[in-house]
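Quick note: the coordinates plus some simple rules give every number you see, no bench work behind them. Keep in mind the model is a prediction, meaning the values are calculated, not measured. Cβ atoms come from the backbone with ideal geometry, glycine included; neighbour counts cover every protein chain shown.
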Amino acid sequence: MRVLVVGGGGREHALCWALAASPLLTKLWCAPGNPGIAELAECVPIGATEIAKLVGFAKVEKVDLVVAGPEAPLTLGLADACAAAGIKCFGPTAAAARLEGSKAFTKEVADAAGVPTAAWARFEDPAAARAYILQRGAPIVVKADGLAAGKGVVVASTVEEAEAAIADIMESRVHGTAGASVVIEECLPGEEVSFFALCDGTTALPMAAAQDHKRVGEGDTGPNTGGMGAYSPPPAFTDALRDEAMDRIIRPTLAEMAKRGAPFQGVLFAGLMLTGDGPKLIEFNVRFGDPECQALMLRLRSDLLPALLAACDGELSRFDLRWEAHPSLVVVMAAEGYPGTPRKGTEIRGLERAAQVPGVQLFHAGTARREDGALVADGGRVLTVAATGQTLRAARDAAYAAVDVVDWPGGFCRRDIGWRAL
Ligand code: AMP
Ligand code: GLY
């Protein structure tokens, strides 16, 4: 099997790591990849959103399977373009990727499918949005309707905060056109988990769940990020809750998407709030989470490659996945300034020694090689340090032992990943 992974972050490094272990693999490329991925795959200098170039490359190289990491190429039609070229692509069509691309679309699908989710309304007019906020009161959640790199959501604890979010998103357009409309939602109380299911258009196969730490600061404070750390499995998400999520959220959504002529193939990532009334849907993503994917790949005992192929081929009903019972934990190391403007170019040392800590896997995200070969920071989230252990505490200790070996004065991490479960 000749496989092309699209993307270049920690998630794609973990996917390449899992795929590289498959006996079915004969050749692995990653576009654009990163210096860590380059140790496992041939990196191709094509950006993740350059759809025509990606498909052209896949044709020339007779790629058997394209694996989409991030959502952007999917919303731009990577899977559609691959299908037109007769190439298998793991990931949904642009029509099905709207589950992530538009929050209002997700809410419509959820309502039509009877999926439990927060009460909501959508506004294109800031004055109407403000009036609704005043009527509903706080706490309340304001979301830019379009894609905003995971940063378009404000969980407002006061009406003033919610009104400020309307000004930022709709009037100052801090997230660009993603803020042309907003979705305003009831604030759901509870613990949040990221749940992943492989889908082949008609059948869904539960994968595992993880808990992400989205806030930049310890104790889950400060601005939202793409995710500062994760662990799997989250103890609060019992097997019974998983079955309920499959029956009430994942399967009805899959059926509704098929009914709409946009069957979903790929990995459906459900952000769930575990409320007193059971799991409720916060959002869907149409890809693996980052850093949740790193936590999942460390626990996956089955070969990833045939599972992704089964999703593409509509054969998941005959498939099963085995998971390591032991937990995994991931610490994200970010460049100073993140999630604002991260400082680029600072040098990172000590990764070889850090990778030797037992149970640890290092995945690169925003790293680059300087001309002299030195490894430098080149993004916001720069490294993910993942570890498994007999217990979550052991996994955490291993991950932080490796973090402490990384010599990178220009970076920081949260020291409390996993605190809710420990
Ligand atoms: P989203 O981008 O939709 O995942 O939102 C980002 C984060 O905001 C989520 O991970 C939640 O922590 C929080 N959030 C979003 N919607 C709600 C809601 N209805 N109630 C409570 N928290 C929410
Ligand atoms: N870590 C959350 C996400 O990937 O969207």
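Near T367, the amide H atoms lying under 5 Å from its own belong to D378; only residues 5 or more places off or on other chains count, and H is placed 1.01 Å from N.
Pick out, in residue order, every one of the trypsin sites (Lys or Arg not before Pro) in segment 142-229 that is DSSP loop and has at most 13 other C-beta atoms within 10 Å; say none if there are none.
R173
Each residue of segment 327-336 was assigned a 3J(HN,Hα) from its phi angle through the Karplus expression (A = 6.51, B = -1.76, C = 1.60, θ = phi - 60°), giving x, 10, 8, 10, 10, 8, 9, 10, 7, 3 Hz with x at Gly and Pro. Short-range pairs are left out: with C-alpha atoms under 8 Å and at least six residues apart, the relative contact order of segment 17-132 is 15 percent.
Summing Cβ point charges (Lys, Arg +1; Asp, Glu -1) relative to the Cα centre of the chain gives a dipole of roughly 520 debye. The amide H of R287, built 1.01 Å from its N in the peptide plane, has F269 as neighbours under 5 Å, considering only residues 5 or more places off or on other chains.
Taking θ as phi - 60° and the Karplus parameters 6.51, -1.76 and 1.60, the scalar couplings of segment 209-219 work out to 10, 9, 10, 9, 10, 7, 7, 6, x, 5, x Hz in sequence order, x denoting glycine and proline. Shown here are the Rg and Dmax of the Cα trace of segment 251-295, at 12.4, 34 Å. Here the 3J(HN,Hα) profile of segment 382-387, calculated from phi with Karplus coefficients 6.51, -1.76 and 1.60 at θ = phi - 60°, is 10, 9, 10, 9, 10, 8 Hz, Gly and Pro shown as x. Considering only A178, A112, V142, whose Cα is most displaced toward the positive end of the charge dipole of segment 95-216, charges sitting on Cβ of Lys, Arg (+1) and Asp, Glu (-1)? Looking along the dipole axis, the top candidate is A178.
Hey, got a sec? Which GluC sites (Glu not before Pro) in segment 90-194 land in a DSSP loop and have at most 16 other Cβ atoms within 10 Å?
Numbers: sites: E100, E108, E124, E160, E161, E163, E171, E185, E186, E191, E192; in loops: E124.
Passing sites in segment 90-194 are E124.
Suppose we keep just the DSSP beta bridges with both residues in the chain; what percent of those would be antiparallel, to 5? Around 80 percent of the beta bridges assigned by DSSP in the chain are antiparallel ones.
Divide the volume of the convex hull around the Cα atoms of the chain by the residue count and you get 134 Å³ per residue. Of the cross-linked pairs K143/K214; K259/K280; K103/K259; K27/K53; K103/K280, which ones have a Cα-Cα span greater than 27 Å in the structure shown? None, as every Cα separation is 27 Å or less. Compactness of segment 283-323 was expressed as the Cα radius of gyration divided by 2.2 N^0.38 Å, which yields 1.25. Partnerless cysteines in the chain, where a partner means another cysteine C-beta under 4.7 angstrom, comprise C16, C30, C43, C187, C199, C293, C312, C413. A cut-off of 5 Å between modelled amide H atoms, ignoring neighbours fewer than 5 places along the same chain, links D220 with no other residue. Please name whichever of W323, L298, A85 sits farthest to the positive end of the charge dipole of the chain, dipole taken about the Cα centre and charges placed at Cβ: Lys and Arg +1, Asp and Glu -1. Positive-end residue among those listed: A85.
Between F105, F284, F90, the GNM of the chain built on Cα springs shorter than 10 angstrom shows F105 fluctuating the most. Each Lys and Arg Cβ is given +1 and each Asp and Glu Cβ -1; about its Cα centre, segment 1-83 then shows a dipole of about 160 debye.
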